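This report refers to the structure that appears directly beneath it.
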Amino acid sequence: MNGSTGEGSHDFARARRIVKTDEFSSVFRLRPAQKSAHFVLYTRQNQLPHARLGVVVAKRLAPRAVTRNTIKRVSRELFRTSSLPAIDCVVRLAKPVNSKAGPATTARLKTELRQELARLFASQNKIRPAR
């Protein structure tokens with residue numbers, strides 16, 4: 001890994017993550033920026049040269065670890081490939097994704113979740129915060 005955290009970087013270094021509880025709390029205090037069928041995206045401007053991501057997937061909404069990990073993996077992948085302004089983003093799963101009829105590991109649901117997350121991140125590209 002090349003230590004670069006410049007714009008357009010495709011790594012997911014620790015500098016690009018929201019890891020501390022108080023960092024999550026400061027983003028959650030604000031109103032949700034966007035909602036989709038399964039997710040809520042919270043955003044807040046930061047003073048860094050890049051965007052940061054936090055992902056919250058409650059066990060009660062996605063009981064299977066494989067499902068939670070899939071959601072986190074897809075979120076990080078789409079975040080890495082989006083060129084976002086200098087904001088902190090927290091993606092939170094808001095509706096249950098596992099059901100007896102269709103666990104979240106099915107290709108159809110995975111595609112659906114990917115599209116939802118891609119739309120959420122794309123919506124933040126259009127909204128350039130005023131400084």
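The table below gives the values:
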| item | result |
| --- | --- |
| Trypsin sites (Lys or Arg not before Pro) within the stretch 25-100, DSSP loop, no more than 12 other Cβ atoms inside 10 Å | Arg29, Lys59, Arg60, Lys100 |
| Whole-Hz ³J(HN,Hα) from phi, Karplus 6.51 cos²θ - 1.76 cosθ + 1.60, for the stretch 71-80, glycine and proline x | 4, 5, 4, 5, 4, 5, 4, 5, 4, 4 |
| Amide H within-cut-off set for Ile87, under 5 Å, with H built and near neighbours excluded | Asn46, Ala51, Arg52 |
| Diffusion coefficient, µm² s⁻¹, Stokes-Einstein with Kirkwood Rh over alpha-carbon pairs of the stretch 14-125 at 10 °C and 1.306 mPa s | 112 µm²/s |
| The stretch 14-125, relative contact order [Cα under 8 Å, separation at least 6], % | 33 percent |
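Read-outs: derived from the displayed coordinates by stated rules, not from any lab. Keep in mind that what you see is a predicted model, and the values were worked out from it rather than measured. Don't worry about glycine lacking a Cβ; one is built from the backbone with ideal geometry, like all the others, and counts go over all protein chains shown.
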